[in-house]
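Please read the structure below before turning to the comments.
Here, each number is a calculation from the coordinates, and none is a lab measurement. Remember, it's a predicted structure, so these values are computed and weren't measured experimentally. Here the Cβ positions follow ideal geometry from the backbone for every residue, glycine too, while neighbour counts run over all protein chains shown.
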Amino acid sequence: NAGVTQTPKFRILKIGQSMTLQCTQDMNHNYMYWYRQDPGMGLKLIYYSVGAGITDKGEVPNGYNVSRSTTEDFPLRLELAAPSQTSVYFCASTASYSNQPQHFGDGTRLSIL
Amino acid sequence: DAKTTQPTSMDCAEGRAANLPCNHSTISGNEYVYWYRQIHSQGPQYIIHGLKNNETNEMASLIITEDRKSSTLILPHATLRDTAVYYCIVKETSGSRLTFGEGTQLTVNP
């Protein structure tokens, strides 16, 4: 039972480069989320999706883009990497009905130099 | 969603019960209390949640006061592997977004 899978686990980017963080889930969850976590801090919501074709901004969306073409996949795109985007990125998913917990992936550790 | 207040850190002896408090004095009637933990920068792990009744599962117990303004997460026999940051989160039943605070760093000592 894979749950939420994130790739890559680690990545180093140069300033101005772009990349896509991949997230896929095999639980048929409609709701998916992207969070970032800076050192010593709690998680902050970047973007979320309530179903294929529907996305919305969270607390800290600037510098990121998302798409949701399938139920399973929710990639996060960094177009012009900046040092401020150095962080650990977590993807999560949950079923669409209320009060169900979110399931998290193991994270992508991204450094921008 | 209502905000929560947790102690920054706590210590517990291995084998003893760990009692982690959380204040959520502005909680409304349709908001659940959730607990997650994060072990050494891994992805957060769901522990338990409840609305107004006490809850127990294989990981922990959740005690919610009658006025619902505070709750306590209980790990009955803490082990070294329970050392983690524990997050108390209040969320509406119909909403899906979690708002993470700073959490409580629990250190279980041998």
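For B:Ile48, what is the net charge nearby, where nearby means another residue's Cβ is under 13 Å from its Cβ and Lys, Arg count +1, Asp, Glu -1? Residues close to B:Ile48 contribute a combined charge of -1. Residues A:Leu13, A:Leu113 in ascending order of nearby Cβ atoms (within 10 Å, fewest first): A:Leu113, A:Leu13. Among beta bridges from DSSP that stay inside chain A, the antiparallel ones total about 90%. The calculated pair-distance distribution of chain A uses every alpha carbon pair, bins of 10 angstrom beginning at 0, and gives 15, 51, 29, 5, 0 percent. Loop-resident GluC sites (Glu not before Pro) (DSSP state other than H, G, I, E or B) in the range B:22-99 with no more than 15 further Cβ atoms inside 10 Å of their Cβ: B:Glu58, B:Glu66. For the pair the range A:50-113 and the range B:37-104, the centres of their Cα atoms are 23 angstrom apart. Report the residue, chosen from A:Ser49, A:Ser87, A:Ser96, that carries the largest GNM mean-square fluctuation when chain A is represented by alpha-carbon nodes joined by springs under 10 Å. Answer for the Gaussian network model of chain A: A:Ser96.
Computing Rg and the Kirkwood Rh from the Cα coordinates of chain B gives a ratio, Rg/Rh, of 0.95.
Here the protein assembly as shown is treated as an ellipsoid with the same Cα gyration tensor; its semi-axes, largest first and in whole Å, are 30, 20, 15.
Computed over the range B:1-62, the Cα gyration tensor eigenvalues convert (square root of 5λ each) into semi-axes of 21, 14, 13 Å, ordered from largest to smallest.
Rule-of-thumb check for the range A:67-113: C-alpha Rg over 2.2 N^0.38 Å?
Working: Rg = 13.5 Å, N = 47, 2.2 N^0.38 = 9.5 Å.
Compared with the compact-globule rule of thumb, the range A:67-113 sits at 1.42.
The phi torsions of the range B:76-83, fed into the Karplus equation with coefficients 6.51, -1.76 and 1.60 and a -60° offset, translate into couplings of x, 9, 5, 10, 4, 6, 7, 4 Hz, rounded to whole numbers, with Gly and Pro shown as x. Considering only A:Gly40, A:Gly58, A:Gly16, the Gaussian network model of chain A with Cα springs below 10 Å gives its largest mean-square fluctuation to A:Gly40. Only Lys, Arg, Asp and Glu carry charge here, each on its Cβ (+1 for the first two, -1 for the last two); on that basis chain A has a dipole of about 300 debye about its Cα centre. The label-point distance for B:Met10 and A:Lys44, in a model that sets each label 7 Å from Cα toward Cβ, rounds to 2.8 nm.
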